[in-house]
Amino acid sequence: MKRLFLTLTLAIAAIVGANAQKTLKDIYIRDPYIMPVEKEGVYYMYASSPTQENGQTYGGMVAWKSRDLKTWEGPVRVFDVPRDNWITGTVWAPEVHKYNGKYYLFATLNSDIAWKAPQEGHPAFTHRATQIFWSNKPEGPFLPFESKHPHTPLGEMCLDGTLWVENSTPYMIYCHEWVEMIDGTMEMVELKKDLSATVGQPMRLFCASAAEWSTGSPRKDGSRTYVTDGCYLYRTKTGKLLMIWSSFMNGEYAVGIAESTTGKVIGPWRQQAQPLFEKNGGHGMIFKTFDGRLCVVLHAPNSPGGAERAHIFEIEDLGDTLKLKGELK
């Protein structure tokens, strides 16, 4: 009886511990994404969370839930990469978008399988792509479409896909990886109405080096690499279409702003000179609080190894650009 009691006590403690309230300072996360669900009065924050099975690592995702953006409950497991998917490795940069009554997960999937010999002193070219999954609920489970293949081109290293809907047409904007391109690019492709597949060929929007603030990183041969990461689109109060995205500025991760000169996703895109954030943090996204405040969430510092945390800043929509205000406390 004592052994049974001890077992039950430990089990209950584990459950309580797993769902205890935490603050953002307690939660390790890169590439945070927050989706407000107004009918529930709940903010969902999605994060990558791999699992181990028979010595194999499989990608997945959890959600943290909050009503005030200060205390968070969870994590709740909402997605596991199907074991018969085209690849099953770790998930990066999960985003969840509500669209036509369903919830769609945009996930960057990775493998450690090299498909192309790297250049000297350059990381290996491995399988990396954005794939879209769907669910009827913000807590999942998120399921694949029938093909179980990526939405970005096979044979290209792509990541950080996001959704933009313009004139009732859905598009995915994503990054073509600097590892392959040297000068990373931002790409767009039209999606089918149900987001199950792409329509036509991708189109390049801009290169990372187009922004003066994106100073790149030096290579041994004297050249520089330029990163495109974490794209997210936002329409200002005056109708201007902006995109926040991340790269490196003088050795530190930063968030810049691009603007479409036509107000359409097709561009052309012009880079604003002043970054939104330049203190070694990035991969931001924009959301509104239930009381109407405009916010950006990003991870900082950008120092892989466990120090990364989500930081939420209030921002001001100036019509032509965005201005960072104070961090929410």
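Carbon and sulfur: what percent of segment 161-224's accessible surface (1.4 Å probe)?
49
Extension gain LYS288-GLU190, at 0.36 nm per residue separation less the Cα-Cα distance, in nm?
Length gained between LYS288 and GLU190: 32.7 nm.
Run the reach check for LYS220 against aspartates and glutamates, Cα to Cα strictly under 17 Å, same-chain hits fewer than 8 apart removed. What comes back?
List returned: GLU120, GLU180, ASP183.
What does a probe at ASP320 reach in segment 231-261, counting residues whose amide N is under 19 Å from the point 7 Å along Cα→Cβ?
Correct set: 234-244, 256-261.
With the calculation restricted to Cα positions, what are the radius of gyration and Dmax of segment 126-218 in angstrom?
My reading of the Cα-based Rg and Dmax gives 14.6, 45 Å.
Add +1 for every Lys or Arg and -1 for every Asp or Glu among the other residues with Cβ under 13 Å from the Cβ of GLN21, and state the total.
Computed value for this residue: +2.
By how many degrees, 0 to 90 and rounded to 10, does the Cα axis of helix 2-18 deviate from the longest principal axis of the chain?
Helix 2-18 sits roughly 20 degrees off the main axis of the chain.
Have a look at the chain and give its Rg and Dmax from the Cα atoms, expressed in angstrom.
20.0, 73
Mind listing the long-range amide H neighbours of THR152? Cut-off is under 5 Å, sequence gap 5 or more, other chains count too, H placed in the peptide plane at 1.01 Å from N.
THR130
How much length is gained on full extension from ASP112 to THR262, taking 0.36 nm per residue of separation minus their Cα-Cα distance?
Additional length available on full extension: 50.0 nm.
Which of ILE257, GLY41, LEU109 sits farthest toward the positive end of the charge dipole of the chain, with +1 on the Cβ of Lys and Arg and -1 on the Cβ of Asp and Glu?
GLY41
May I ask you to derive the relative contact order of segment 182-303, considering only C-alpha pairs under 8 Å and at least 6 residues apart, and to give it as an integer percent? Walk me through the numbers before you get to the answer.
Numbers: 278 pairs, mean separation 22.9, N = 122.
Worked out over segment 182-303, it gives 19 percent.
GluC sites (Glu not before Pro) within segment 156-239: which are DSSP loop residues with at most 13 other Cβ atoms inside 10 Å?
Numbers: sites: GLU156, GLU166, GLU177, GLU180, GLU187, GLU190, GLU212; in loops: GLU156, GLU177, GLU212.
Taking segment 156-239 and a limit of 13 other Cβ atoms within 10 Å, the loop GluC sites (Glu not before Pro) found are GLU212.
Relative contact order of the chain, please, whole-number percent, based on alpha carbon pairs below 8 angstrom and at least 6 residues apart.
Values: 850 pairs, mean separation 39.9, N = 329.
Taking the mean separation of contacting Cα pairs over the length of the chain, I get 12 percent.
Would you please put 27-35, 138-146, 125-133, 199-207 in order of how densely packed they are, using the mean number of other Cβ atoms within 10 angstrom per residue and starting with the highest?
125-133, 27-35, 138-146, 199-207
Return a whole-number percent for the relative contact order of segment 242-290, with Cα pairs under 8 Å and 6 or more residues apart as the contact set.
Dividing the mean separation by the residue count of segment 242-290 yields 37 percent.
Return the subset of LYS98/LYS148; LYS288/LYS325; LYS264/LYS325; LYS193/LYS288; LYS98/LYS137; LYS240/LYS264 for which the Cα-Cα distance in this structure is over 19 Å, preserving the input order.
Values: LYS98/LYS148 21 Å; LYS288/LYS325 14 Å; LYS264/LYS325 27 Å; LYS193/LYS288 26 Å; LYS98/LYS137 9 Å; LYS240/LYS264 9 Å.
Check vs 19 Å cut-off fails for LYS98/LYS148; LYS264/LYS325; LYS193/LYS288.
The values are calculated or read from the model by the stated rules, or taken from the named source; none is laboratory data. All of these numbers come straight from a predicted model, not from anything done at the bench. Reconstructed Cβ throughout: ideal geometry from the backbone, glycine too, with neighbour counts over all protein chains shown. Only protein heavy atoms, including side chains, enter the accessible area calculation; ligands, DNA and RNA are left aside. Shrake-Rupley method; radii C 1.70, N 1.55, O 1.52, S 1.80 Å.
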